[in-house]
1. Is there a residue being touching a helix residue (DSSP H, G or I) at 6+ places or on another chain (Cβ under 9 Å), of a type in the set (D, E, K, R), surrounded by 13 or more Cβ atoms within 10 Å (Cβ to Cβ) and at pLDDT 95 or above anywhere in region 40-58?
2. Can you find a residue in region 27-38 that is outside any helix (DSSP H, G or I) and closer than 25 Å to Asp144 by Cβ?
3. Taking region 65-101 on its own, how many of its residues are more than 14 Å from Cys149 (Cβ to Cβ) and touching a residue at least 60 places away in the same chain (Cβ under 8 Å)?
4. When region 104-126 is examined, which residues are found to be surrounded by fewer than 15 Cβ atoms within 10 Å (Cβ to Cβ) and either part of a loop (DSSP other than H, G, I, E, B) or more than 15 Å from the chain's Cα centre (by Cα) (or both)?
5. Please give the number of the condition Asn73 fails out of (1) at pLDDT below 95; (2) closer than 20 Å to Leu111 by Cβ.
6. So Glu110 passes all but one of these: (1) of a type in the set (Asp, Glu); (2) under 19 Å from His26 (Cβ atoms); (3) modelled with pLDDT of 95 or more. Which condition number does it fail?
7. Could you tell me which of the residues Val86, Val70, Val125, Val36 is among the β-branched types (Val, Ile, Thr) and closer than 17 Å to Lys153 by Cβ?
Amino acid sequence: MRKLMSVIVMCWAAAFSGASQAASEHGSAAEAVALVHKVIAYMKANGRDKTIAEINDLHSTRFRDRDLYVTINDLQAKNLAHGANVKMQGKDLIELKDADGKAFMRERLELAKAKGKGWQDYKFVNPVSKQIEQKSMYFEKYEDMIVNCGIYK
């Protein structure tokens, strides 16, 4: 009986530790907000150019954490920094739409100009899974830029 109980307890512990590990593979909303704040603090201390270069360096992990990465856009939707896709860096994204046709960059610009910060939902390719997934993007307007970090749901 004692051996049976030990096996049950070990199986139960393994099952819950696996679920815990799976949850930690994805960044949380609080971690996304913290990463945006970290970028803004770094920019205040080190300047715009150094911060953008750091984010655009896909080998750097300073502003990347699991499926969390940072992007920066100017107020016309030009991408200044993209921490997951070098092909997006420097692109005009004003016409970018999600899988459902939502013009999410236009919407984000309007939200950032009106509210300064907040959350926005749309669909986007997860760089880890390579699948289109529901995404919530946290953004903050800082000077003449919008600093973004999103979570995949």
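The values are calculated or read from the model by the stated rules, or taken from the named source; none is laboratory data. Please read all numbers here as calculations on a predicted model, not as lab measurements. Quick reminder, even Gly has a Cβ in these numbers, built from the backbone with ideal geometry, and neighbours come from all protein chains shown.
1. Checking region 40-58: at least one residue is touching a helix residue (DSSP H, G or I) at 6+ places or on another chain (Cβ under 9 Å), of a type in the set (D, E, K, R), surrounded by 13 or more Cβ atoms within 10 Å (Cβ to Cβ) and at pLDDT 95 or above.
2. There is no residue in region 27-38 that is outside any helix (DSSP H, G or I) and closer than 25 Å to Asp144 by Cβ.
3. 3
4. Within region 104-126, Glu107, Glu110, Lys113, Ala114, Lys115, Gly116 qualify.
5. (1)
6. (2)
7. Step by step, each of Val86, Val70, Val125, Val36 is checked, and only Val125 is among the β-branched types (Val, Ile, Thr) and closer than 17 Å to Lys153 by Cβ.
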